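Every number here is computed from the coordinates shown, using simple stated rules; none is lab data. This one's a predicted model, so the numbers in the text were calculated from it and none came from an experiment. Don't worry about glycine lacking a Cβ; one is built from the backbone with ideal geometry, like all the others, and counts go over all protein chains shown.
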Amino acid sequence: MPRIHVCSVDLVAEVTAASGARDLVTLLREHHPLERPASIAPERHLRLGFNDIAEPREGLTLVQKDHVLALLDFVQRWDRQAPMLIHCFAGVSRSTAAAFISACLLRPDVAESRWAQRLRAASPTATPNPRLIALADEVLAREGRMIAAIAAIGRGEDCHSGTPFALDLAAP
């Protein structure tokens, strides 16, 4: 089973080329410019527009349940023949949350706490967006286990931009 790669917006082209990713999830504020790599077909690119916030703030877009449902649908349709790349602005919050959510969706046989531990091991800076996690926990009926798992690994190290990493879905 392929891997889910995570990076910042600045490294999308580089990580796409290096990983061989053929599916792309973009989690940026609405209207943020992004040139989709030529190797990613338009129908294999999901772009969700919301800001990296956990509470409503005037002038900013808060992640909603519809965003999570679109993510889950896209990930479920991923053919897993090549890696998927998930990115946000810094590769720290929205994208790490989406990678964790995707792993939980695709490998429900692996405990949420294990995925959170693997996320932390792969990325010391990962600080998954708590609202994104809470909405996914609710939609996937995980009864707070996803929320608790992310809370248990705590906030990641401070950084300007996270170092690219991957989660291997085959290894529990």
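For segment 60-80, which positions are of a type in the set (Val, Ile, Thr) and out of contact with any helix residue (DSSP H, G or I) (no Cβ under 7 Å at 6 or more places or on another chain)?
If the condition is that a residue be of a type in the set (Val, Ile, Thr) and out of contact with any helix residue (DSSP H, G or I) (no Cβ under 7 Å at 6 or more places or on another chain), then THR61 is the only one that fits.
Say we look at segment 1-48 and pick out the residues that are outside any helix (DSSP H, G or I) and charged (D, E, K, R); which of these is nearest to PHE89 (Cα to Cα)?
My answer is ARG29.
Which one is surrounded by the most Cβ atoms within 10 Å (Cβ to Cβ), of the residues in segment 72-109 that are outside any loop (DSSP other than H, G, I, E, B) and among the charged types (D, E, K, R)?
ARG94
Inspect all residues belonging to segment 121-139 and state whether any of them is touching a His at 6+ places or on another chain (Cβ under 6 Å) and not β-branched (Val, Ile, Thr).
No, because not a single residue in segment 121-139 is touching a His at 6+ places or on another chain (Cβ under 6 Å) and not β-branched (Val, Ile, Thr).
Six or more apart or on different chains, Cβ under 7 Å: which pairs go from a residue in segment 106-131 that's on the phi < 0 side of the Ramachandran plot to one that's aromatic (Phe, Trp, Tyr) and in a helix (DSSP H, G or I)? Could you list them?
The qualifying pairs are TRP115/PHE100; ALA116/PHE100; LEU119/PHE100; PRO128/PHE100.
Which residue is surrounded by the most Cβ atoms within 10 Å (Cβ to Cβ), if the candidates are limited to segment 1-35 and must be under 15 Å from the mean Cα position of the chain (by Cα) and among the charged types (D, E, K, R)?
Once the filter is applied, the top-ranked residue is ASP23.
Answer with yes or no whether ALA54 is of a type in the set (A, V, I, L, M), touching a Pro at 6+ places or on another chain (Cβ under 6 Å) and either on the phi < 0 side of the Ramachandran plot or not in a helix (DSSP H, G or I) (or both).
It is true that ALA54 is of a type in the set (A, V, I, L, M), touching a Pro at 6+ places or on another chain (Cβ under 6 Å) and either on the phi < 0 side of the Ramachandran plot or not in a helix (DSSP H, G or I) (or both).
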